[in-house]
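Colleague: The following block contains the structure, expressed as structure tokens.
The values are calculated or read from the model by the stated rules, or taken from the named source; none is laboratory data. No experiment lies behind these values; they were computed from the predicted model shown. So basically every Cβ, Gly included, is an ideal-geometry build from the backbone, and we count neighbours across all protein chains shown. For the accessible areas, the whole protein counts, side chains as well, though only heavy atoms, and no ligand, DNA or RNA atoms are used. Shrake-Rupley method; radii C 1.70, N 1.55, O 1.52, S 1.80 Å.
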Amino acid sequence: MLRSTRQSGRLRTRQGTQSTQPAPLRRPGAVAQTAVGTRSRASTGLGPARLGNVSHPLCRSDENQRLFSYERDVKAAFDNIVPTLKQISALQHEADFERQAQKIARAQLGFELPDDILADAWVTQLDMRRLFAWCVFSTYRNFCDDYYRNDPLAVDAGRGAEGFDTFLQACGFHTLDISPCADGRLAHLVRYVLRLPQQAVRRKSYAGALFDIEDSIQKWTEVELGRFREGLPNTADTATRYLKAVTYHYSSVDPEHQGCAAHGSDTAKAAQAGRERLYAFREAIENSFCCGASIDLLLIGLDTDTDAIRVHLPDAQGAIDLDAAVDALALFDKTAHSSASEAAHAIADAVRACTPDAQSGMAQLAERLIENNFSQIAYVRNHHGAHYADIGHAERFIGAGVGFEEIQLRNLMYFAYLNTVEEATADLDVGIKIFTGLNVAHGLPVPVIVRFDHHGHVPGSRERAEQHCARVAAAMQARFSNLAEQGLLHVLQVTRDCDAAESIELLACSVNAHKQAGGH
Ligand SMILES: [Zn+2]
């Protein structure tokens, strides 16, 4: 995608001059602490070390190690909150409570707690709900600062956004636009499952992967105009096309219950709905724009328990067969003891056998995605065994609005893409229901981050984003007033300037201590 590719370049150049570093997310004490976590997900979180030694000639082990450290540290930072607050809570009637509490918070969470919440503890009880929400929001802020300033998910040289753009164009595409399901178990699709540089791919998530056709037409128009006006990513006379991909999902461990909620855990239905939406988008482009305008399509299935993909390639006529897919997991096992070149050949053969008349560029891209996915299959097997332990929902917070490009980790955030609360009531209700089980059942509030990004060079854009956040936050608090009144729903409002290489900006927070959020 044009804009983010350019942005990422800017991000990198600015890094060299960045003088203020965010509080580091990776702290030595953090990992050990997670083991003490008492929430249901704690036992299913990322374990301390590697479980196995699964290898494959095409697996990139060094990258796996780096990606694992990042995932483990980010999740540990969130999962560390409850055990730390328990420890602090036990001290609340001691003489030098505030000093002790801050010392523990600094050491274990990496930030200090708001003085006003601690200072009130002696009168009644420490307000654990406010404190918990505040800690989740501060951890989110540190996580964002780290993401935008340090580029922790940077890919190896040659595999970055520019390298991928070149490869993509050689395959015959100038844009890769992916719509996965909004389920938190697919949030790591781009960087982890497909091992692509996240800046080079447009990702827009929707419940059931049922992407909005009008929004996609708008994006397509923007991209094609960019080719005409700026020659980016290539000039309009280059014979490349816009590629739209949909990722549906299923569960191999518990197909009846842990598949896609939006399609009643029915895998065939999820795949079919994805294909229908892709066809409808292509038809919309062909009917709305003359001169042979068209796009290419790709359908990908993801097993959220093993992270293995299956790829449905379109045939020469652009038709996608739901029963014909290349299964990355089967190929991985088949080629685990081959040489790297034999394994690469086996992938190419499998793609050709599945869809003999697929366009060669499409086949090449599918081969690359499958090869990349091998690293993720090894990742899951090495760190989790045959499949993830947390096959269900275990998100740490809800994200509502638009943006959130820093969310590249599985099961970190429940995503509700929306412009208004009214249009997304179903998604939000599902999110609140999930967090009723995860948090409210244990007396903890549901942390919601409302986010609308803006373009700093567009006059009034930031103010509109701020108003938008306030409107959605108020509507959320009204819709779930029973929770909000008990302190069981807390909302942080944030925005981010998409035109700058900066982190997020905090706008308002129901905890009322937002000015100190982040602790630095
Ligand atoms: Zn889904």
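Colleague: Does segment 265-277 hold any residues that are surrounded by 14 or more Cβ atoms within 10 Å (Cβ to Cβ) and touching a residue at least 40 places away in the same chain (Cβ under 8 Å), and which are they?
Modeller: Our first condition is that a residue be surrounded by 14 or more Cβ atoms within 10 Å (Cβ to Cβ); within segment 265-277, this holds for 265-267, 269-275, 277.
Of everything in segment 265-277, those that are surrounded by 14 or more Cβ atoms within 10 Å (Cβ to Cβ) and touching a residue at least 40 places away in the same chain (Cβ under 8 Å) turn out to be ALA270, ALA271, GLN272, ALA273, GLY274, ARG275, ARG277.
Colleague: Being buried (at least 21 other Cβ atoms within 10 Å of the Cβ) and aliphatic (A, V, I, L, M) is the filter here, so list the residues in segment 445-460 that pass it.
Modeller: Within segment 445-460, VAL446, VAL448, ILE449, VAL450 meet the criteria.
Colleague: Same structure again: Determine, yes or no, whether ASP254 is on the phi < 0 side of the Ramachandran plot, within 24 Å of the chain's Cα centre (by Cα) and open to solvent by 50 Å² or more (accessible area, probe 1.4 Å). Reasoning before the result, please.
Modeller: On the way: on the phi < 0 side of the Ramachandran plot: yes; within 24 Å of the chain's Cα centre (by Cα): yes; open to solvent by 50 Å² or more (accessible area, probe 1.4 Å): no.
Spelling it out, it is not the case that ASP254 is on the phi < 0 side of the Ramachandran plot, within 24 Å of the chain's Cα centre (by Cα) and open to solvent by 50 Å² or more (accessible area, probe 1.4 Å).
Colleague: Mind checking which residues of segment 194-236 are within 14 Å of the ligand (Cβ to nearest atom) and either assigned to a helix (DSSP H, G or I) or open to solvent by less than 20 Å² (accessible area, probe 1.4 Å) (or both)?
Modeller: Matches in segment 194-236: SER205, ALA207, GLY208, ALA209, PHE211.
Colleague: So which of ALA133, ALA76, ALA90 ends up being touching a residue at least 12 places away in the same chain (Cβ under 8 Å), out of contact with any helix residue (DSSP H, G or I) (no Cβ under 9 Å at 6 or more places or on another chain) and over 30 Å from ILE347 (Cα atoms)? Break it down into steps so the answer makes sense when it comes.
Modeller: Values: ALA76 fails: out of contact with any helix residue (DSSP H, G or I) (no Cβ under 9 Å at 6 or more places or on another chain); ALA90 fails: touching a residue at least 12 places away in the same chain (Cβ under 8 Å).
When all the criteria are applied, what remains is ALA133.
Colleague: Let me ask something else about it. Given the criterion assigned to a loop (DSSP other than H, G, I, E, B) and either open to solvent by less than 20 Å² (accessible area, probe 1.4 Å) or of a type in the set (A, V, I, L, M) (or both), identify the matching residue among ALA280, ALA239, ALA262. Even if it seems obvious, please write down each step before you answer.
Modeller: Numbers: ALA280 fails: assigned to a loop (DSSP other than H, G, I, E, B); ALA262 fails: assigned to a loop (DSSP other than H, G, I, E, B).
Result of the check over ALA280, ALA239, ALA262: ALA239.
Colleague: Can you find even one residue in segment 264-281 that is over 30 Å from VAL430 (Cα atoms) and modelled with pLDDT of 95 or more?
Modeller: Looking only at segment 264-281, we keep the residues that are over 30 Å from VAL430 (Cα atoms), and these are none.
No: zero hits.
Colleague: On to the next question. Need the failing condition index for LEU506 against (1) open to solvent by less than 30 Å² (accessible area, probe 1.4 Å); (2) touching a helix residue (DSSP H, G or I) at 6+ places or on another chain (Cβ under 6 Å); (3) aliphatic (A, V, I, L, M), just the number.
Modeller: (1)
Colleague: Would you be able to tell me the number of residues in segment 243-259 that are assigned to a strand (DSSP E or B) and more than 14 Å from the ligand (Cβ to nearest atom)? Give the derivation first.
Modeller: Let us first name the residues in segment 243-259 that are assigned to a strand (DSSP E or B), namely 243-250.
Going one step further and asking which of them are more than 14 Å from the ligand (Cβ to nearest atom), we end up with 243-245.
Residues that pass the stated criteria total 3.
Colleague: A further question on this structure: Within segment 475-487, count every residue that is surrounded by 14 or more Cβ atoms within 10 Å (Cβ to Cβ) and either among the polar types (S, T, N, Q) or assigned to a helix (DSSP H, G or I) (or both). Spell out how you get there, then give the answer.
Modeller: First pass over segment 475-487, keeping only residues surrounded by 14 or more Cβ atoms within 10 Å (Cβ to Cβ): 475-477, 479-480, 483-484, 487.
Next, from what is left, pick out any that are either among the polar types (S, T, N, Q) or assigned to a helix (DSSP H, G or I) (or both): 475-477, 479, 483-484.
Qualifying residue count for the region: 6.
Colleague: Out of the residues in segment 167-193 that are over 13 Å from ILE309 (Cβ atoms) and of a type in the set (Ser, Thr, Tyr), state the one that is surrounded by the fewest Cβ atoms within 10 Å (Cβ to Cβ). Steps first, please.
Modeller: In the first step, residues of segment 167-193 are kept if they are over 13 Å from ILE309 (Cβ atoms); the result is 167-177, 179, 181-185, 187, 191.
Then drop every residue that is not of a type in the set (Ser, Thr, Tyr), which leaves 175, 179.
Working: THR175: 27, SER179: 25.
Of everything passing the filter in segment 167-193, SER179 is surrounded by the fewest Cβ atoms within 10 Å (Cβ to Cβ).
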